[in-house]
Structures are given as structure tokens and as C-alpha cells.
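Values quoted throughout were computed directly from the atomic coordinates according to the rules given, and no laboratory measurement underlies them. Not measured: the values here are computed from a predicted model. Neighbour counts are summed over all protein chains in view; Cβ atoms, including those assigned to glycine, are modelled from backbone coordinates with ideal geometry.
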């Protein structure tokens with residue numbers, strides 16, 4: 001999967017890049033080696049008075065569909081973990097849904113062929 005990492009008010013260090021790549025590796029197993037898959041990751045910091053919040057946003061374009069996960073956290077790693085988990089869950093759910101549709105369709109074809117062969 002191709003990816004692009006962008007930092008807003010946050011420097012994208014090698015350590016953060018490696019951490020994001022690790023999260024994308026979890027999501028990559030649901031992509032099934034699709035070379036057209038592309039992920040955009042935005043890491044941001046919002047200063048609000050005395051404390052600040054970190055935001056991680058993952059956007060994956062896969063097969064004409066867009067999958068998006070965004071989370072806020074008290075640390076950048078927490079935000080990345082939450083958003084990466086949501087993205088993996090969404091991709092997993094979609095993969096299971098497509099497999100279910102394929103199985104139901106193949107079952108209908110199989111039943112149709114059984115009925116067709118018995119007519120002979």
C-alpha cells in the first residue's frame with residue numbers, strides 16, 4: 001500500500017513514521033495486495049490553552065471506496081493507536097461483508113445448477 005504522512009504543527013520524526021507504518025501494516029492485510037490502495041495520514045496538534053490534543057487521521061482509498069478513521073488523544077501515540085484500530089476494524093468488516101456476498105452468490109449459482117441438472 002502506498003502512503004503519504006503529513007504533520008500539521010507536528011514534526012514527522014522517524015520514530016512517528018515507523019509507528020504509523022506499523023499501524024498501516026495491520027490494515028494492509030485487509031487490502032489483499034491491491035497495488036492501487038493509497039493511504040493518507042495526517043498527524044496534528046491542537047493547542048487549547050494549558051493543554052493540547054493530538055489528532056491522527058487515516059484515509060484509505062481502495063477500489064473506488066474511501067475508508068476513514070480519525071481520533072483525538074492526549075498523546076500522539078494514543079491517537080495513532082485509536083485511529084489505526086478503527087481503520088483496521090472498518091477494513092476487516094468490509095472484507096467480511098464482501099466475502100459473505102460472494103459466498104451467498106456462489107451458493108445461489110450452485111443451487112440453480114443443481115435444479116437445472118435435475119430437469120434433464
Pick from 104, 68, 93 the residue whose mean-square fluctuation is largest in a GNM of the chain, springs joining Cα atoms under 10 Å. 104
So for region 2-93, averaging the separation of alpha carbon pairs under 8 Å that are six or more residues apart and normalising by length, what relative contact order in percent results? 27 percent
Could you give the angle, 0 to 90 degrees to the nearest 10, between helix 14-28's Cα long axis and the longest principal axis of the Cα atoms of the chain? 20 degrees
Report the Cα centroid-to-centroid distance between region 84-110 and region 5-74 in angstrom, as an integer. 24 Å
Counting DSSP beta bridges with both partners in region 2-93, what percentage is antiparallel, nearest 5? 75 percent
Per residue convex hull volume, Cα atoms of region 43-107, in Å³: 69 Å³
On C-alpha positions alone, give me the angle between the axis of helix 76-118 and the longest principal axis of the chain, in degrees, nearest 10. 10 degrees
Using label points projected 7 Å from each Cα along Cα→Cβ, tell me how many nm separate residue 107 and residue 59, to one decimal. 3.8 nm
Of 74, 100, 92, the one that fluctuates the most in a GNM where the chain has Cα springs shorter than 10 Å: 100
Which of 109, 20, 60 moves the most in a Gaussian network model of the chain with Cα springs under 10 Å? 109
On full extension of the chain, what length is gained from residue 95 through residue 78, given 0.36 nm per residue of separation minus the C-alpha to C-alpha distance? 3.5 nm
